[in-house]
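Let me begin by presenting the structure, written as structure tokens, before commenting on it.
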Amino acid sequence: MSGPITPTRTYYRVFAALIALTLVTVYVSFLELGPWHTTVGVLIGVVKASLVGLFFMHLLHSSKASWLAVLASLFWLGILMVLTISDYLTRHILEY
Amino acid sequence: MSTNHAVLAHHFENLEQQRETAAFGMWIFLATEVLIFGAIFTCYAIYRLRYPLDFEAASARLNVLIGSINTIVLLSSSLTMALSVHATRVGRQQMLLTCLLLTILLGATFLGLKVVEYYQDYKEKLVPVLAFDPDEWTQIEGVEAPVQPQRVQLMLVFYYIMTGLHAAHMIVGMGLLIWLVIEARRGLLTPVRYMPVEVIGLYWHFVDIVWIFLLPLLYLTGTHQAPPWLPIPPIHF
Amino acid sequence: MSSAITTGFVPQAKTRPPRTPGENYLNVAFGVKSWLLTTDHKRIAILYLVTLTILFFIGGAAATVIRLNLMTPNGELVPADTYNKLFSAHGIIMVWFFLVPVVPTVLGNFLVPMMIGARDLAFPKINLLSWYVFTIGAIITLWALLAGGVDTGWTFYTPFSSKYARTNVLPTMIGIFISGFSSIMTGLNFIATMHTMRAPGLTWFRMPLFLWAHYAASIILVLATPVLAMALILVGVERAWGIGIFDPELGGDPVLFQHLFWFYSHPVVYIMLLPAMGIVSEIVTCFSRKHIFGYVFVLWSSIGIAVLSFLVWAHHMFVAGQSVYSALIFSALSYMVAVPSAIKVFNWTATLYKGSIAFETPLLFALGFIALFTMGGLTGLFLAALGVDMHVHDTYFIIAHFHFIMVGGSVMGYMGGLHYWWPKMTGRMYSDFLSKLAALIIFVGFILTFLPQFVLGYLGMPRRYHVYPPEFQVLNVMSSAGASILAVGYVLPLFYMLWSLYAGKPSGPNPWGATGLEWQTPSPPPPHNFDETPIVTTGPYEYSIEESALVH
Ligand SMILES: [Cu+2]
């Protein structure tokens with residue numbers, strides 16, 4: 001884990017992007033988007049989280065093992081969310 | 001080489017292995033954290049899908065201004081944290097200390113604002129059990145269908161558990177940062193021994209990522225109902 | 001492959017302080033402090049061994065009273081509410097404070113660094129911390145169980161646990177919550193160790209299957225435990241402040257708790273089982289003097305089980321009110337777990353086939369594991385079927401099924417592992433006769449205890465009932481009789497193993513003639529395991545034909 005030293009310039013640029021995206025997400029939330037509010041908010045959140053992960057947390061230069069931990073956690077989070085929520089979304093179709 | 005030997009723990013072969021292990025260990029811990037927050041996000045998602053109007057109504061009453069400012073404060077603290085790692089690795093002790101202290105300061109600002117926000121929530125009767133007025137919720141302007149107070153309460157409970165858990169992580173992180181300051185002042189954080197900063201940084205950034213998702217999920221789901229104190233009018237298209 | 005030695009030694013760059021001859025991890029330091037502040041993985045394993053043995057017998061005592069009470073249809077021994085507290089205590093202690101930690105923290109802690117050729121786990125201090133956290137959690141839970149008890153069962157179903165139960169639910173859950181962190185620390189340590197601390201030449205596909213099994217179990221420990229923690233937090237909040245997260249009257253959904261709970265608690269069965277499967281792989285190869293049949297298949301079946309175990313949890317909730325479609329999918333997915341489990345059983349059998357088998361005590365336990373696990377696994381398929389599950393849900397059929405898996409499987413495997421590595425851990429041999437007798441008694445007692453329960457369940461006797469119709473008495477008495485035999489089988493090892501510490505004959509470094517790095521060290525091993533970092537040149541289980549002549 002002695003990857004290259006990230007230059008401060010990169011950090012400042014990523015920070016600027018994060019602040020910009022924060023302003024965008026707050027602004028967009030005031031628009032009338034119908035049911036899409038959460039979707040848009042979470043999507044912007046995913047972009048911001050990826051920026052933090054890749055640059056601030058140095059995932060870009062991290063070992064495969066670190067990537068494995070990240071991807072595994074997201075995969076298992078997906079299992080939990082998809083299988084649980086699918087129960088709730090299909091309950092009303094047929095009741096017994 | 002003599003300094004390297006002091007830094008290297010007895011059970012590792014070399015520094016590279018030790019660094020790799022420290023970072024990987026933190027990543028595994030963060031995977032655990034993803035699932036701990038993921039579990040409550042899942043619960044939140046299910047009730048949000050079930051009771052969309054109630055959740056939006058409750059969200060509209062939360063303090064978007066403080067929520068947004070706190071997001072920027074936290075992102076700034078992430079920047080200073082990242083800069084601390086840079087400072088350690090290039091061996092700039094003074095910059096390291098400044099950045100660490102700034103991170104602590106920003107973290108404290110976040111928590112301070114959070115306390116103010118909780119207090120305002122309390123005054124606005126938004127705290128289930130402690131201060132909550134069910135009658136207030138049966139007639140809300142701008143909501144098409146009447147909301148049910150218990151469901152509003154449900155949203156607020158999620159708000160407190162999620163932000164509370166996040167704040168608890170912040171407090172732990174602040175403790176770790178204070179330890180880093182002590183280490184830095186003793187001159188123990190060097191380009192050779194920079195992993196403590198890197199690893200605690202990973203934790204700090206993760207806590208930041210959690211907040212990145214809390215902002216849209218908790219604060220921004222009801223903002224299109226335009227709280228009167230914000231100058232931005234709802235824009236229709 | 002003619003050489004029996006799988007490793008050669010070359011000097012490494014890092015020099016180590018010379019070791020006095022005869023120094024080992026047990027005699028290197030004495031006194032309470034040297035144990036309570038140790039970061040040596042081997043000593044921590046011993047700390048866990050002592051703690052968990054005590055907890056096992058406490059949980060076993062609760063089971064004894066339950067079985068005594070069920071001797072008569074009217075349950076004359078204890079009142080109904082005490083009975084509820086007893087089965088809750090039995091489940092809680094056995095699941096969280098014995099079965100989940102036992103193999104990873106005792107045998108895993110001791111062996112993972114040794115098998116990997118490392119001087120310690122990646123995070124020795126976290127390893128010690130995990131023991132303290134575990135012990136604190138166990139003490140809180142035990143206190144809660146003894147001072148008033150809990151009557152929710154180990155499953156803490158809402159809204160009973162969150163609203164109606166008037167027993168020590170909250171402190172019990174706090175204890176379990178705390179001990180969960182020790183699970184996470186152990187899993188984290190194992191994964192990090194296996195990724196970064198393997199000896200030179202020990203590639204992933206040269207790792208013994210015991211390590212792969214622990215890797216798979218660690219994945220579950222790290223990724224499932226946090227979900228349980230969150231579920232417990234939510235129940236705790238609801239119970240403490242009367243907020244309706246899972247209360248249907250207040251807009252909550254009690255089934256959501258079951259989702260979170262079983263997302264953890266189904267995979268948890270594989271935390272118990274996978275390490276035991278790893279033990280069986282080691283024992284079967286050693287005592288049939290053969291390379292494992294289908295190394296790659298056994299390895300991937302471990303990982304396969306770890307992943308699939310997360311996809312089946314709602315088979316515990318077929319009658320709980322989940323969606324029909326969801327139930328259908330979970331039923332189908334549950335069948336899939338049978339595939340990797342069957343692969344393992346077939347491979348062990350194929351390994352034994354035409355091997356020169358030595359019926360030593362560890363192998364007897366391992367054979368017991370294979371037999372009982374197969375029965376438990378096959379009856380699990382009955383339960384995965386939606387239609388059958390509707391009939392036998394919450395009956396003794398379930399009780400029998402999971403005891404076959406968790407006691408017949410995990411405990412049997414653990415006993416096998418303990419007998420297999422006991423000479424390595426202590427440097428002493430236990431009584432050959434008594435240990436074989438114990439293996440036999442446990443097997444017979446187990447069958448007699450739990451086979452009648454399958455019949456009882458199929459006839460419709462519900463679980464967790466204090467009383468039952470008189471026509472079930474014969475089968476219940478059979479079961480209780482079996483339980484008393486089982487108790488003798490579990491107490492017996494306590495005596496001959498302790499006795500071996502005083503009077504056992506020295507075992508030498510490798511009494512079974514086994515391959516594997518842990519056997520290349522003296523018994524008991526020196527404080528830092530290896531004087532030189534070993535270099536691995538071959539895969540595991542290189543038992544050659546000539547070598548079989550060396551078996552004592
Ligand atoms: Cu299951």
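Details
- Residues that are of a type outside the set (A, V, I, L, M) and facing another protein chain (nearest Cβ under 7 Å) within region A:64-96 comprise A:Ser66, A:Ser73, A:Trp76, A:Thr84, A:Ser86, A:Asp87, A:Tyr88, A:Thr90, A:Arg91, A:Tyr96, listed in sequence order.
- None of C:Val150, C:Val133 is at pLDDT 90 or above and in a helix (DSSP H, G or I) except C:Val133.
- Qualifying residue in region B:27-37 (condition: under 26 Å from B:Val116 (Cβ atoms), in contact with a helix residue (DSSP H, G or I) (Cβ under 9 Å, 6 or more places away or on another chain) and more than 10 Å from chain A (Cβ to nearest Cβ)): no
Residue-by-condition table, conditions (1) open to solvent by 30 Å² or more (accessible area, probe 1.4 Å); (2) part of a helix (DSSP H, G or I); (3) not charged (D, E, K, R):
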residue: B:Leu83; (1), (2), (3): no, yes, yes
residue: B:Arg89; (1), (2), (3): yes, yes, no
residue: B:Thr103; (1), (2), (3): no, yes, yes
residue: B:Gly107; (1), (2), (3): no, yes, yes
residue: B:Phe110; (1), (2), (3): no, yes, yes
residue: B:Val147; (1), (2), (3): no, no, yes
residue: B:Val152; (1), (2), (3): no, yes, yes
residue: B:His166; (1), (2), (3): no, yes, yes
residue: B:Gly175; (1), (2), (3): yes, yes, yes
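- Failed item, numbered, when A:Glu32 is tested on (1) facing chain B (nearest Cβ under 7 Å); (2) more than 23 Å from B:Val199 (Cα to Cα); (3) modelled with pLDDT of 95 or more: (3)
- On the stretch given as region C:294-323, residues that are surrounded by fewer than 20 Cβ atoms within 10 Å (Cβ to Cβ) and under 21 Å from C:Gly417 (Cβ atoms) total 1.
- C:Lys290 meets all of the listed conditions (1) away from the ligand (no atom under 16 Å from the Cβ); (2) within 14 Å of another protein chain (Cβ to nearest Cβ) but one, namely (2).
- Any hit, region C:236-245, residues being more than 9 Å from every other protein chain (Cβ to nearest Cβ) and crowded, with 24+ Cβ neighbours inside 10 Å: no
- Test result for B:Glu56, of a type in the set (D, E, K, R), assigned to a helix (DSSP H, G or I), at the interface with chain A (Cβ under 9 Å from one of its Cβ atoms) and closer than 30 Å to A:Arg91 by Cα: yes
- Condition check for C:Met272: of a type in the set (A, V, I, L, M, F, W, C), away from the ligand (no atom under 16 Å from the Cβ), within 25 Å of C:Val407 (Cα to Cα) and buried (at least 21 other Cβ atoms within 10 Å of the Cβ): no
- Subset of region C:292-312 [aromatic (Phe, Trp, Tyr) and not in a helix (DSSP H, G or I)]: C:Phe293
- In region A:26-52, the residues that are open to solvent by less than 10 Å² (accessible area, probe 1.4 Å) and touching a residue at least 12 places away in the same chain (Cβ under 8 Å): A:Ser29, A:Gly41, A:Gly45, A:Lys48, A:Val52
- Where helices (runs of 4 or more DSSP H) fall wholly inside region C:313-404, the ranges with 3 or more residues that are within 27 Å of C:Phe287 (Cβ to Cβ) and away from the ligand (no atom under 15 Å from the Cβ) are C:324-352, C:361-384.
- Flag if B:Leu79 is touching a residue at least 60 places away in the same chain (Cβ under 8 Å), within 14 Å of chain A (Cβ to nearest Cβ) and open to solvent by less than 70 Å² (accessible area, probe 1.4 Å): no
- Failed criterion for B:Val199 (all others in (1) among the aliphatic types (A, V, I, L, M); (2) without any contact (Cβ under 8 Å) to a residue 60 or more places away in the chain; (3) assigned to a helix (DSSP H, G or I) hold): (2)
- Residue among B:Arg61, B:Arg48 that alone is farther than 28 Å from B:Ala184 by Cα, touching a strand residue (DSSP E or B) at 6+ places or on another chain (Cβ under 8 Å) and open to solvent by 20 Å² or more (accessible area, probe 1.4 Å): B:Arg61
A quick yes/no check of all residues on (1) among the charged types (D, E, K, R); (2) out of contact with any Leu (no Cβ under 9 Å at 6 or more places or on another chain); (3) in a loop (DSSP other than H, G, I, E, B); (4) surrounded by fewer than 21 Cβ atoms within 10 Å (Cβ to Cβ):
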| position | (1), (2), (3), (4) |
| --- | --- |
| C:Ile54 | no, yes, no, yes |
| C:Leu68 | no, no, no, yes |
| C:Leu86 | no, yes, no, no |
| C:Ile92 | no, no, no, no |
| C:Val100 | no, no, no, no |
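- From the options C:Leu363, C:Leu352, C:Leu333, C:Leu328, residue that is in contact (Cβ under 8 Å) with a residue 12 or more places away in the chain and loosely packed, with under 15 Cβ neighbours inside 10 Å: C:Leu328
The values are calculated or read from the model by the stated rules, or taken from the named source; none is laboratory data. Just so it is clear, the model here is predicted, and its values are computed rather than measured. Backbone-built Cβ (ideal geometry, glycine too); neighbour counts: all protein chains shown. The area values use the complete protein model at the heavy-atom level, side chains included, leaving out ligands, DNA and RNA. Shrake-Rupley method; radii C 1.70, N 1.55, O 1.52, S 1.80 Å.
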